[in-house]
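Below is one structure; the comments refer to it alone.
The values are calculated or read from the model by the stated rules, or taken from the named source; none is laboratory data. Computed from a predicted structure; not experimentally measured. Cβ placement follows ideal geometry from the backbone for every residue including glycine, while neighbour counts extend to all protein chains displayed.
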Amino acid sequence: MKYSYDNLEMTVTYRKDKEIEIRVANHNTFRVGNITVTTEYAGKKRTEFIGRIEAHETWKSGDRTENIPPFHAASFYEGKEQIIDPGLYDEKSGVYRGEPFHALVWRDEEKRKTWQRSHTWVSEDPAAEVTLSYFADGPRVAFTGNSFTGLWDSTYEYFRQMAEADGYHAQVAYSYWGGTGLAQYAGLIPESMERAEQCQKVLDANEEYDFCFFAGNSDEALSTHSGKPGAEDYSLRENMEKAVRILKKRAEEKHAKMVLWAPHAYQ
């Protein structure tokens, strides 16, 4: 018998030894974890803990898994770490009296109960009950943005809304630096090393991510040696391609998929 919750598919199988086998398949594109499975059957109660299930993989009763490490919502704006002071938020007016770019880093601890899930499957004959309990912590995202990605808080909210549509809470670490492209974030431009270091700080904030987004800059795609309209002798293309290889390796080191966030000009 199969039951689905939040793209998690639970299969319940009765065995001849009067035990129940549970399988939980993760059909999400990101890893999930910290799931408690409680089974009551044949007068016995059993509790199992799932530390993690990788994307598109399946856990079954008896499997031992490693825990997903805690997530750190690191966030930087042009060289400065952004940490919000909740005391500066006026709940009556809804106005935050700190720096506007703090909008990115509202901490989510007070909202954590919102993402708590508990799903129970009940059978009358034979009498059995299985409960999945977990927090719907969604994809872990590292994002390096620039002015082409829009205000950093709006991009941050974009990921959260996308995940929420599937019932999950996106976990985002963010770097914003205006005018920065792939080559700068990859450390290929000597005069832009601060930007590369900021990108690396975001990556280093967590042991692993599901996705690493790197935003390009239109200059990398459009600048040509000749400067003539329609010319294709792109002056920055080689650096851009080197940067992609470097950033892809860094994403892989974090067990993540790399996604390039490209302005229209890249086409």
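If you go through segment 29-71 and keep only what is in contact with a Ser or Thr (Cβ under 9 Å, 6 or more places away or on another chain), in a loop (DSSP other than H, G, I, E, B) and of a type in the set (S, T, Y), you end up with just S61. For segment 210-237, filtered to residues that are in contact with a helix residue (DSSP H, G or I) (Cβ under 7 Å, 6 or more places away or on another chain), assigned to a loop (DSSP other than H, G, I, E, B) and closer than 19 Å to S175 by Cα, the residue that is modelled with the lowest pLDDT is N217. Checked against (1) surrounded by fewer than 11 Cβ atoms within 10 Å (Cβ to Cβ); (2) modelled with pLDDT of 85 or more, W121 passes all but a single condition, namely (1).
Conditions (1) of a type in the set (G, A, S); (2) closer than 27 Å to A170 by Cβ, marked per residue:
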residue: Y5; (1), (2): no, yes
residue: R23; (1), (2): no, yes
residue: N34; (1), (2): no, yes
residue: R46; (1), (2): no, no
residue: K60; (1), (2): no, no
residue: I68; (1), (2): no, yes
residue: A73; (1), (2): yes, yes
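In segment 198-209, the residues that are surrounded by fewer than 15 Cβ atoms within 10 Å (Cβ to Cβ) and assigned to a helix (DSSP H, G or I) never reach a residue that is charged (D, E, K, R) and modelled with pLDDT of 95 or more with C-beta atoms less than 6 angstrom apart, at least six apart or across chains.
Pairs linking a residue in segment 170-191 that is part of a loop (DSSP other than H, G, I, E, B) to a residue that is of a type in the set (D, E), with Cβ atoms under 9 Å and 6 or more positions apart or on different chains, are W177/E78; W177/E194; G178/E78; G179/D219; G181/D219; G181/E220; G187/E197.
Entry remark, segment 152-169: residues being within 18 Å of I83 (Cα to Cα), out of contact with any helix residue (DSSP H, G or I) (no Cβ under 7 Å at 6 or more places or on another chain) and in contact (Cβ under 8 Å) with a residue 40 or more places away in the chain number 0 in total.
A quick yes/no check of all residues on (1) more than 21 Å from V130 (Cα to Cα); (2) among the basic types (K, R); (3) at pLDDT below 95; (4) buried (at least 18 other Cβ atoms within 10 Å of the Cβ):
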site	(1), (2), (3), (4)
Y3	no, no, yes, no
N28	yes, no, no, yes
V32	no, no, no, yes
I35	no, no, no, yes
I53	no, no, no, yes
H56	yes, no, no, no
